[in-house]
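Here, each number is a calculation from the coordinates, and none is a lab measurement. Every value quoted in this text rests on a predicted model; they were computed, and no experiment measured them. Please note: Cβ atoms are built from the backbone with ideal geometry, for glycine as well, and neighbour counts cover all protein chains shown.
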Amino acid sequence: MSTPAAAAIPSAPSAAPIPWLDNKAQQRRLGGAIERAIARVVEHGAFLMGPEMRAFEAELAAYAGVRHVLSCASGTDALLMLLMAKAVGPGDAVLCPSFTFTATAEVVHRLGATAVFLDVGDANFNLDPAQLEPGLAAARAAGLRPVGIIPVDLFGQPADYDAIGAFARAHGLWVLADAAQSLGSSRDGRRVGTLGDFAATSFYPTKALGAYGDGGAIFTDDDGLREVLASIRAHGEGRDRYENVRLGLTGRMDTIQAAVLLEKLRIYDEEIAARNRVAERYRAGLGNRVAVPALDAGVRSNWACYTIQVDGRDALQAKLKAEGIPTMIYYPRPLHRQPPYRACPTAGPLAVTERLAGRVLSLPIHAYLEPETQDRIIAAIHDAL
Ligand SMILES: *Cc1c(COP(=O)(O)O)cnc(C)c1O
């Protein structure tokens, strides 16, 4: 094959492109443990409900400090199965932020219920507890019956569960923590998984604890709820597979994913510590120039994302891209502006959400980001601005 003429090559970035994530560095660190774990599953052949799945559930429950973990096929299924267990359906309203990934509200609408969208805080990106009262009023004004709240731990920071929980108890609502981004984070020493009445997380490959495909988990202290969820996960099975006592779905996690996650969980806390060092370096390097993310008092974050706010965001993103620096916009369109949710009630004009959608920019962050690489990113941002 002939080499293309130099003139045909578009102007090269000034240095090698920086990857968004570095799975290779993690694999090197784990020294072949993941490959061996996958090979063991291939060998024993229990591809579903295998021993690694049970072991992962037990280890994750111990890690989070919760009685039960139920592994499942995705974070979306984890949310959906909890709503199914709570018998959410038409006429029900579920309060949630608009500034989140679609799955948070999608599961509500999949069951025929309606999401009521609330605004978030400008500093922490999370559901603003002051929005709960107007959200409840908006739900009732629309003729809906409010049943629960889904706070989202956006970018890794747990929402304000004390305030949200107090409001929920006063109004007879449950609180389902969308902890898809926040596994390993804590608030006042309480780990994600124990915050809210029950919680759902995701092991989508780009989450802080990512599988080699889809996966998710549910956290609960409630023995009865665990039984119902286990049945839902397997087509509503009763005493055996062919007694079907309720509607369910195919919600299981593959044993291979559990085997991968078991290996990654062993080093996860060290990885979170490394992510905290990366976040601190960004804060020190950028805090005087752009709005850097703030943590509430008592929060330790897994720093799933590092999201700054800037005017002229799109121009900055384009300049960084030309330098080989990847960035992401989480999220460019609030849910209440998207077709499936346009008719949903909102707690008000959602002004913070609208503003954030045009200003947020997430920077590369992972446990293997070298200080020199990070300094290149920081310098490029200063140059571009
Ligand atoms: C990733 C994510 C989900 C969905 O998880 P999947 O495993 O991709 O189904 C739900 N909510 C939020 C906030 C997420 O970031």
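Here is the figure for the stretch 86-102: residues that are surrounded by 23 or more Cβ atoms within 10 Å (Cβ to Cβ) and of a type outside the set (Ser, Thr, Tyr) total 7.
Looking only at residues of the stretch 33-77 that are under 26 Å from THR194 (Cα atoms) and β-branched (Val, Ile, Thr), we find that the one that is nearest to the ligand (Cβ to nearest atom) is THR76.
The rows are residues; the columns are (1) of a type in the set (A, V, I, L, M, F, W, C); (2) out of contact with any Cys (no Cβ under 7 Å at 6 or more places or on another chain).
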| residue | (1), (2) |
| --- | --- |
| LEU80 | yes, yes |
| LEU83 | yes, yes |
| ALA87 | yes, yes |
| SER98 | no, yes |
| THR102 | no, yes |
| LEU111 | yes, yes |
| ILE150 | yes, no |
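Filtered by the rule that a residue be in contact with a Ser or Thr (Cβ under 6 Å, 6 or more places away or on another chain) and either of a type outside the set (A, V, I, L, M) or under 21 Å from VAL245 (Cα atoms) (or both), the stretch 79-119 gives CYS96, SER98, PHE99, PHE117, ASP119.
For ARG281, the requirement of being surrounded by fewer than 19 Cβ atoms within 10 Å (Cβ to Cβ) and of a type in the set (Lys, Arg) is met. Of the residues making up the stretch 130-148, none is at negative phi and within 15 Å of the ligand (Cβ to nearest atom). The number of residues in the stretch 117-138 that are over 21 Å from PHE101 (Cα atoms) and in contact with a strand residue (DSSP E or B) (Cβ under 6 Å, 6 or more places away or on another chain) comes to 2. Look through the stretch 92-129, keep the residues that are assigned to a helix (DSSP H, G or I) and among the charged types (D, E, K, R), and return whichever of them is farthest from the ligand (Cβ to nearest atom). Within the stretch 92-129, the match that is farthest from the ligand (Cβ to nearest atom) is ARG110. The stretch 280-385 holds helices (runs of 4 or more DSSP H) entirely within its bounds, and those carrying 2 or more residues that are of a type outside the set (Phe, Trp, Tyr) and closer than 26 Å to ASP162 by Cα map to 351-357. Within the stretch 112-155, the set of residues being of a type in the set (D, E, K, R) and touching a helix residue (DSSP H, G or I) at 6+ places or on another chain (Cβ under 9 Å) comprises ASP119, ASP122, ASP128, GLU133, ARG145.
Of all positions in the stretch 236-251, none carries a residue that is assigned to a helix (DSSP H, G or I) and away from the ligand (no atom under 16 Å from the Cβ).
If you check ARG313 against the conditions, is it more than 20 Å from the chain's Cα centre (by Cα), crowded, with 19+ Cβ neighbours inside 10 Å and not hydroxyl-bearing (Ser, Thr, Tyr)? Criteria met by ARG313. Residue count for the stretch 34-52 under the criterion of being loosely packed, with under 11 Cβ neighbours inside 10 Å and under 16 Å from LEU265 (Cα atoms): the result is 0.
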